[in-house]
Amino acid sequence: MIEIKNLEKTYPSKSGDVVALKDINLTVEDGDIYGIIGLSGAGKSTLVRCINLLEKPTSGQILIDGEDLTKVTKNRLLEIRKKVSMIFQHFNLLQQRSVLKNVELAGEIAGDKNPTERAKELLKLVGLEDRLNYYPSQLSGGQQQRVAIARALMSDPKILLCDEATSALDPETTHSILELLKTLNKKLGLTIVIISHQMSVIESICNKVAIIDKSQIVSCGYLKDVFLSPTNEVAKKLIYSGHVNTGIKGEKFVKLMFTGEVDKPIVANVISELKISVSIMYAETKVINDTVCGQVIFRLPSYNEDIKKLTDYLTRENVPFEEVDSDALY
Amino acid sequence: MPFTDILIMIAETVGVTALATLLAYVLGLPCGVLLNVTSKNGLKPCKWLNVTVGLIVNILRSIPCLIIIVLCIPFTRGIFGRGTGEWFTILIPLTVCAFGFVSRMVEQSLAEVPAGEIEAIKSLGATDFQVIIKVLLPEARVSLVTGVAVVAVSILGYTSFAYNIGAGGLISGIYTFYTRHTGDYLGSLLFWVMIVLVVLIVQGIQELGLFIAKKIDKRKVLK
């Protein structure tokens, strides 16, 4: 379990301190795939690098299974780092070592005298058993990230930190890397913290998410909840960005939320039974943690007349809904 | 001047250059590592140590080689029994002359190792020593090897000063030839042959350096 308490990070600069992280509180349970998402410069990379103390927090605590990393000795920190591995946006493989030697090195550091067998095993697990003697420059980005994952697994870690691990990859490769991470989470019980600026990455793999904006966590919790009812501007931007642009100002819309429990044709019924000819401003269905989650945003022809009818119906059918300001949609 | 004399001069020049390069690296490599590791963005920033070592290196580099040779004479005498007149009497001053240069070259080569690679290995729980041995030096090896060639060529240039303390070698041989044939040295074939030999040795060192560097560089191999 990772507990982050009152974490702060400031960088000193000539024109005063620059705040990178402020008042961060976050708990990652064992087995979670926890996404941390934010726009560029929000501080998410700094946050993940504080978890293994590659960045030293200015104040606050980082507890891994109850042990405060900011208080342990240097040697103890090195031991803990073997249980908290990390992969990176640019893979960071040693360019002068073969694939096998790159992975073996992690074993050597972890104190394994004969790391070859385990390295081969892990390279097989990530699907690169036929590339053992290749060098990183001979591999594609996706393959390099697989080597980095094998390297990260050598010390048999409990936690894997992913710092924009798919941001340099094309969508297809991203998908395959995320599938691999999902498998590792299930197979090895690996707890994963994944940093990304892409909602699609978080959606396809995480069970929980924290949204970070201007150095602070603005919302966090189960992905389903955050996805269906984004409560703040950044969350909305991340979820609706590029999908909704109504150009309509000063109107009220109604958003319906589905979470896999509804199997009635609600939208059709609204039109045929209630005789409200709604316009659909936005609709999306996603599978989040094996549950179908959807949302539809309606524009009502005459809001004040129809809203009562609609909300009564939705309440009766047990469909969660909320009013949305048209200006708040991007 | 008999043929064997030229062979001896070549052997002296190549031998003392090789030995001085080796010794300069024995001292300069650790010093360069220290400079890199203690620098502001290094593994273990330590300002006072970095500044102190940097200062010593800079002072050594600012003293002209000929002066270092003179300053080293008593020291060489203490070790070898004589301070001038034999090929090996220039070994220590050449090493001292190259030491500062080597330190800076090594420091520079290590600085070229991508910070991400170092960070990745640190994230695996590596000690600073492991990072130096497993990442910094091996990943910088191409740049280090080309550096050795550059250093060796400079040291070969410094062997000119062997003339001043009678330490032999090909370059001081050429100069001696000039002093004995001041009137017609430009018309002598032997004079030009010796110069060509020097050029060939320098080219040989450079090509060998490049060859090895290419051979050990795995960054741009394509199958």
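Values quoted throughout were computed directly from the atomic coordinates according to the rules given, and no laboratory measurement underlies them. What you are looking at is a predicted structure, and each value in this text was computed from that prediction instead of being measured. Note that we place each Cβ from the backbone using ideal geometry, even for glycine, and neighbour counts take in every protein chain shown.
For region B:64-223, the tally of Lys pairs with Cα-Cα distances below 16 Å comes to 4, considering only residues 8 or more apart or on different chains.
Counting only residues at least eight positions apart within a chain, or on another chain, the aspartates and glutamates with an alpha carbon under 16 Å from that of A:Lys249 are A:Glu323, A:Asp325, A:Asp327. Considered as an equivalent ellipsoid built on the Cα gyration tensor, chain A has semi-axes of 43, 23, 17 Å, the largest given first. Per residue of peptide A:98-108, the mean number of Cβ atoms on other chains within 10 Å of the residue Cβ is 2. Annotation note: GluC sites (Glu not before Pro) in region A:113-156 located in DSSP loop regions with a Cβ neighbour count of at most 15 within 10 Å are A:Glu129. Model label sites at B:Trp48 and A:Lys308, defined 7 Å from Cα along the beta-carbon direction, differ in position by 8.2 nm. Amide H contacts of A:Asp156: none lie under 5 Å away among residues 5 or more positions distant or on a separate chain (H built 1.01 Å from N in the peptide plane; Pro and chain starts excluded).
For GluC sites (Glu not before Pro), the sites in region A:1-105 that DSSP calls loop and that have at most 13 other Cβ atoms within 10 Å are A:Glu29. Less than 5 angstrom separates the built amide H of A:Asp213 from those of A:Val218, all sequence-distant by 5 or more or on a different chain. Could you tell me which trypsin sites (Lys or Arg not before Pro) in region A:212-307 are loop residues by DSSP with no more than 10 other beta carbons within 10 angstrom of their beta carbon? Hits after loop and neighbour filter: A:Lys249, A:Lys275. Taking each DSSP H run with n ≥ 4 as -39500 (n - 2.57) and averaging over every residue of chain A yields -10000 deg cm²/dmol at 222 nm. Residue by residue, region B:39-49 carries 3J(HN,Hα) couplings of 6, 3, 9, x, 5, 9, x, 8, 4, 4, 5 Hz when phi is fed to the Karplus relation 6.51 cos²θ - 1.76 cosθ + 1.60 (θ = phi - 60°); x denotes Gly or Pro. By its C-alpha gyration tensor, with a ≥ b ≥ c as the square roots of the eigenvalues, how is region A:242-328 shaped: rounded for a/c under 1.5, else prolate for a/b larger than b/c, else oblate? Verdict is oblate for region A:242-328. By definition, a body whose alpha carbon gyration tensor gives a ≥ b ≥ c is oblate when a/c is 1.5 or more and a/b is not larger than b/c, and region A:170-223 fits this oblate description.
Rounded to whole Å, the principal axis extents of the Cα atoms in chain B read 68, 49, 26, largest first. Take the convex hull of the alpha carbons in region A:110-260; its mean projected area over all directions comes to 12.3 nm².
In the protein assembly as shown, a dipole from Cβ-located charges (positive for Lys and Arg, negative for Asp and Glu) runs towards its positive end, and of B:Ala18, A:Ile192, A:Gly35 it is B:Ala18 whose Cα lies farthest in that direction.
A simple count of charges around A:Gly41, restricted to other residues whose Cβ falls under 12 Å of its Cβ and scoring Lys, Arg +1 and Asp, Glu -1, yields +1. Computed from backbone phi, the HN-Hα couplings of region A:216-228 come to 10, 7, 9, 6, 7, x, 5, 3, 4, 5, 5, 5, 6 Hz, rounded to whole numbers (Karplus: 6.51 cos²θ - 1.76 cosθ + 1.60, θ = phi - 60°; Gly and Pro given as x). Which pairs in the list A:Lys101/A:Lys208; A:Lys44/A:Lys82; A:Lys237/A:Lys309 are over 26 Å apart, alpha-carbon to alpha-carbon? Pairs exceeding the cut-off: A:Lys101/A:Lys208; A:Lys237/A:Lys309. The Cβ shell under 11 Å around B:Val142 holds other residues with a net charge of +3, Lys and Arg each +1, Asp and Glu each -1.
Does region B:136-197 come out rounded, prolate or oblate by the C-alpha gyration tensor, with a ≥ b ≥ c the root eigenvalues, rounded set by a/c under 1.5 and, if not, prolate when a/b is larger than b/c and oblate if not? Here region B:136-197 falls in the prolate category.
For A:Lys113, the aspartates and glutamates whose Cα falls under 17 Å of its own Cα, not counting residues fewer than eight places away in the same chain, are A:Glu79, A:Glu104, A:Glu121, A:Asp156.
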